[in-house]
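The values are calculated or read from the model by the stated rules, or taken from the named source; none is laboratory data. Here the structure is a predicted model, which is why all the values come from computation and not from measurement. Here the Cβ is made from the backbone with ideal geometry for all residues, glycine too, and neighbour counts use every protein chain on show.
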Amino acid sequence: MPAEIKGLNEECGVFGVWGDNCAAELTHLGLHTLQHRGQEGAGIVGLTPAGLRRHYGLGLVSEVFRDPQSVTQLQGTAALGHVRYSTAGGRILENIQPLLFRFTTEAIALAHNGNLTNALSLRKKLEAAGAIFQSTSDSEVLMHLIRLSQQPTFELQLIEALNQVHGGFAFELLTQSALYAAVDPNGFRPLVIGRLSSGGYVVCSETAALNAVGAEFVQDVQPGQLVIIDDSGMRVRAYTTHTQLAVCSMEYVYFARPDSEIYGISVHEARVRMGMRLAHEQPVDADIVVGVPNSSLSAALGYSRASGIPYEMGLIKSQYVARTFIQPTQELRERSVRLKLSPVRSVIKGKRVVLVDDSIVRGTTARQLVQLFKDAGALEVHLRIASPPLRFPCFYGIDIQTTRELMAANHSVAEMRDIFGVNSLAFLSTQGLIDSVGLSDTAPNGGLCVAYFTGEYPTPLEDYAPALKQELSQLQLHVSEVSA
């Protein structure tokens, strides 16, 4: 399985525009801002005078749209874009989104961020009824459900379909008459709405992308909401009232850009609080604090503030090494760490270092980083993780769907400390994470999904449940330790 330098990948990012003559260009820029959410493939569907037209391909946004004409040919008043990192379906060209469906009466583009927990069951049922799928992506299931609906309007057909798919999703659909957006009943995957100076609208995965195109934030799409944007303006309605906020906690820990806000919470400030809480929960006597670029820098700053230990830039990330996660062997993936991250020897040599990282998934990066610090002359390395141990799979849109891939599911904290060769290893507590984000005082777990740490999933896992049950019965989980 491909493993990015951090070992964890979020499925994708979506970006839609309605009511602006530069819709395709704005979408292209927005996808660049969301590139961190998916580096495997990209695509844009534009609403042109000739109808919906698509350009897509495998690779980064800059690679897929290398030719300026690839964007120009999509010019019109609306567009829908997508960057992908696959979970369900795998890495094939047919799965690159937005998917574009052409029917006798209309064309519809579909983009999806997340993972459906009942997609396999629905697909089997649909195929038995005669449906022919063009991709292996779970996203295509929604379109088949829409087309089978007997409701009198597209909006009602979409609502009926949304109530049949389960799991994590942020959907956007573009037709020749409207842009539609919907978030799952738990809000696992974020979606935000912005207003352009032209009067047009943007719907995308993160507020950082709104800022990039000069759109003013309007609102987060709430769990269970359907947004309809057309030439008459924007409408918001509930497609279900059975909702319970459970935002993916890894959005705050790792996935989202630090300059984004999710449900009103600054990602950077939440990470700073995680680092501060970590310093209180897991103190250590050391000379400097160093963060792992880029997603751990905010937490490292927080650890430094709370502990009084000076923050130093002891690790530099090359900004010009792209897609090092696509490596065919574990050996090459480990070498890619050295290619992308370099220690500052003059800062590290002779020092007791608190190395702050946001998470440990497969453990590849941690092993390599510790060795880099030792080679640079660190006297001691104390590894502090600004999230709890990742011991359980995610089925809502992250590429970890088996405990076999998770270091903390297979080793105790003491064992991991010895494997990494650190002087000490400690994690943030689950309650510490919940308190640091500070999202909700009323929803369970503060409005966060923390199933990756606790194994308590906020929804039934359906298609995935039997395999997980069998897996966990065979695995000895070390759920009581947080430090060693």
Among (1) in a helix (DSSP H, G or I); (2) crowded, with 23+ Cβ neighbours inside 10 Å; (3) touching a helix residue (DSSP H, G or I) at 6+ places or on another chain (Cβ under 6 Å), where does residue 250 come up short? (3)
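Filter the range 212-247 down to residues that are aliphatic (A, V, I, L, M) and assigned to a strand (DSSP E or B), then give me how many there are. Please lay out each step first, then the result.
In the first step, residues of the range 212-247 are kept if they are aliphatic (A, V, I, L, M); the result is 212-213, 215, 218, 221, 226-229, 234, 236, 238, 245-247.
Next cut, assigned to a strand (DSSP E or B) only: 218, 226-229, 234, 236, 238, 247.
Residues meeting the conditions: 9.
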Identity of the residue in the range 141-186, touching a His at 6+ places or on another chain (Cβ under 9 Å) and of a type in the set (D, E, K, R), that ends up nearest to residue 462 (Cα to Cα): 184
Enumerate the pairs (first residue in the range 338-357 and within 26 Å of residue 428 (Cα to Cα); second residue anywhere and among the acidic types (Asp, Glu) and in a strand (DSSP E or B)) with beta-carbon separation below 6 Å, excluding pairs fewer than 6 apart on the same chain, so at least 6 apart or on different chains. 352/380
For the range 414-421, state whether one or more residues are out of contact with any helix residue (DSSP H, G or I) (no Cβ under 9 Å at 6 or more places or on another chain), of a type outside the set (D, E, K, R) and assigned to a loop (DSSP other than H, G, I, E, B). no
Quick check, is residue 4 modelled with pLDDT under 95, more than 23 Å from residue 196 (Cα to Cα) and crowded, with 24+ Cβ neighbours inside 10 Å? no
With the condition kept exactly as written, say whether any residue in the range 444-453 is in a loop (DSSP other than H, G, I, E, B) and not assigned by TED's automatic domain parsing to the domain that holds residue 186. yes
Name the residues in the range 413-459 that are polar (S, T, N, Q) and either at pLDDT below 95 or closer than 24 Å to residue 267 by Cα (or both), would you? 429, 430, 431, 436, 440, 442, 445, 454
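Could you please let me know if residue 53 is in contact with a Gly (Cβ under 6 Å, 6 or more places away or on another chain) and among the basic types (Lys, Arg)? Break it down stepwise before answering.
On the way: in contact with a Gly (Cβ under 6 Å, 6 or more places away or on another chain): yes; among the basic types (Lys, Arg): yes.
Here the answer is yes, as residue 53 does meet what is asked.
I'm trying to understand the selection: among the residues of the range 414-451, which are aromatic (Phe, Trp, Tyr) and either closer than 20 Å to residue 299 by Cα or surrounded by 24 or more Cβ atoms within 10 Å (Cβ to Cβ) (or both)?
Taking the range 414-451 first, the residues aromatic (Phe, Trp, Tyr) are 420, 427.
427 - this is the single residue of the range 414-451 that is aromatic (Phe, Trp, Tyr) and either closer than 20 Å to residue 299 by Cα or surrounded by 24 or more Cβ atoms within 10 Å (Cβ to Cβ) (or both).
Matching residues to (1) loosely packed, with under 14 Cβ neighbours inside 10 Å; (2) under 25 Å from residue 176 (Cα atoms); (3) at pLDDT below 95; (4) within 17 Å of the chain's Cα centre (by Cα):
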| position | (1), (2), (3), (4) |
| --- | --- |
| 108 | no, yes, no, no |
| 126 | no, no, yes, no |
| 133 | no, yes, yes, no |
| 136 | no, no, yes, no |
| 151 | yes, yes, no, no |
All but one of (1) basic (Lys, Arg); (2) in a helix (DSSP H, G or I); (3) over 20 Å from residue 430 (Cα atoms) hold for residue 271, so report the exception by its number. (3)
Return the total of residues in the range 58-73 being surrounded by fewer than 14 Cβ atoms within 10 Å (Cβ to Cβ) and either assigned to a loop (DSSP other than H, G, I, E, B) or at pLDDT below 90 (or both). 3
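The rows are residues; the columns are (1) in a loop (DSSP other than H, G, I, E, B); (2) modelled with pLDDT of 95 or more.
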residue: 327; (1), (2): yes, no
residue: 337; (1), (2): no, no
residue: 361; (1), (2): yes, no
residue: 366; (1), (2): no, no
residue: 389; (1), (2): yes, yes
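Is it the case that some residue within the range 178-187 is closer than 20 Å to residue 42 by Cβ and not β-branched (Val, Ile, Thr)?
Quick first cut of the range 178-187, residues closer than 20 Å to residue 42 by Cβ only: 179, 181.
Filter once more, so that each one left must be not β-branched (Val, Ile, Thr): 179, 181.
Checked the range 178-187: at least one residue is closer than 20 Å to residue 42 by Cβ and not β-branched (Val, Ile, Thr).
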Assuming residue 441 fulfils every condition listed in (1) free of Cβ contacts under 8 Å to residues at least 24 places away in the same chain; (2) under 22 Å from the mean Cα position of the chain (by Cα); (3) more than 16 Å from residue 391 (Cα to Cα) apart from one, which condition is it? (2)
Taking the range 280-301 on its own, how many of its residues are closer than 16 Å to residue 269 by Cβ and touching a residue at least 40 places away in the same chain (Cβ under 8 Å)? 6
Of a type in the set (A, V, I, L, M, F, W, C), modelled with pLDDT of 95 or more and within 30 Å of residue 214 (Cα to Cα): is that true of residue 279 in this structure? no
